[in-house]
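Visitor: I'd like to ask you about the structure that follows.
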Amino acid sequence: MHKIFIIAILSLYSGIFCQGQKTNAIPFEEISTEEPDRIVAAIDTMSLTCDTFYLVPYYDYIDIYDFACIYFDNKGQLRKYSRQLNFNDGGQDHIDFSAYYDLHGDLVYITYQSGNNCEDDAGYFYVHQGHIVGYDYDWDCGCCEDDVTEEDMSIIRPEIGAPLEKTVDENWSLKRFISARTLLETIHSPEYGRHDEFDE
């Protein structure tokens, strides 16, 4: 009898506890981008420490400039990643890439701009729990025979609520940027190689 009573009490308590743990998750479509904007603006005005972990400077015999840096706040937390890649070969190929993290080490905003003498594209992604909650994407092709149509753009634009996995053109994987921990593990790996953070 006592055993049955105890089991009943435990079952009732477990049910109450589980009900208390229920959360009404906000749909990704309804999450505002104001908070990520505020975080990015705050980070850009902070006094951050830059740790340059990859650098190929310009030389007379090298036509590539590749600079990568991670930025830490005064508490030693990763708040920003930046990469600049330029090819001084006449084609004017370039990539500027930045990622921003909140105090918990979660990615909140990621942006890239790339282009050459022919075309330019830029992506801006607001991120919540690894999913896209806001974005902007621009593509301009000055040497294309046909104009870029709205139908073209609708095909390549990402969807709100979709996991952030790649840049819009799918040339760069973004999976390792979802958290500061994953990014730092990649960068600090003894086997780190150029651009490993963009691998699958």
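Matching residues to (1) among the hydroxyl-bearing types (S, T, Y); (2) more than 24 Å from L103 (Cα to Cα); (3) touching a residue at least 40 places away in the same chain (Cβ under 8 Å); (4) open to solvent by 40 Å² or more (accessible area, probe 1.4 Å):
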{"residue": "G161", "(1), (2), (3), (4)": "no, no, yes, no"}
{"residue": "E165", "(1), (2), (3), (4)": "no, no, no, yes"}
{"residue": "D169", "(1), (2), (3), (4)": "no, yes, yes, yes"}
{"residue": "K175", "(1), (2), (3), (4)": "no, no, no, yes"}
{"residue": "S179", "(1), (2), (3), (4)": "yes, no, yes, no"}
{"residue": "L183", "(1), (2), (3), (4)": "no, no, yes, no"}
{"residue": "S189", "(1), (2), (3), (4)": "yes, no, no, no"}
{"residue": "F198", "(1), (2), (3), (4)": "no, no, no, no"}
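Visitor: Now for a separate question. The conditions are (1) open to solvent by less than 80 Å² (accessible area, probe 1.4 Å); (2) at pLDDT below 90; (3) more than 23 Å from H94 (Cα to Cα), and E150 fails exactly one of them. Which is it?
Guide: (1) is the only condition that E150 fails.
Visitor: Would you confirm whether any residue within segment 183-192 is touching a Leu at 6+ places or on another chain (Cβ under 9 Å) and either at negative phi or modelled with pLDDT of 85 or more (or both)?
Guide: Going through segment 183-192, the residues touching a Leu at 6+ places or on another chain (Cβ under 9 Å) turn out to be 183-184.
When the remaining residues are screened for being either at negative phi or modelled with pLDDT of 85 or more (or both), the result is 183-184.
Yes; the residues of segment 183-192 include at least one that is touching a Leu at 6+ places or on another chain (Cβ under 9 Å) and either at negative phi or modelled with pLDDT of 85 or more (or both).
Visitor: Which ones in segment 25-37 are open to solvent by 80 Å² or more (accessible area, probe 1.4 Å) and either at pLDDT 95 or above or over 17 Å from the mean Cα position of the chain (by Cα) (or both)? Even if it seems obvious, please write down each step before you answer.
Guide: Residues of segment 25-37 open to solvent by 80 Å² or more (accessible area, probe 1.4 Å): 25-26, 29-30, 34-35.
The answer is A25, I26, E29, E30.
The values are calculated or read from the model by the stated rules, or taken from the named source; none is laboratory data. Treat the numbers as computed from the prediction; the structure is a model and nothing was measured. So basically every Cβ, Gly included, is an ideal-geometry build from the backbone, and we count neighbours across all protein chains shown. Just the protein is used for accessible areas: all its heavy atoms, side chains included, with ligands, DNA and RNA removed. Shrake-Rupley method; radii C 1.70, N 1.55, O 1.52, S 1.80 Å.
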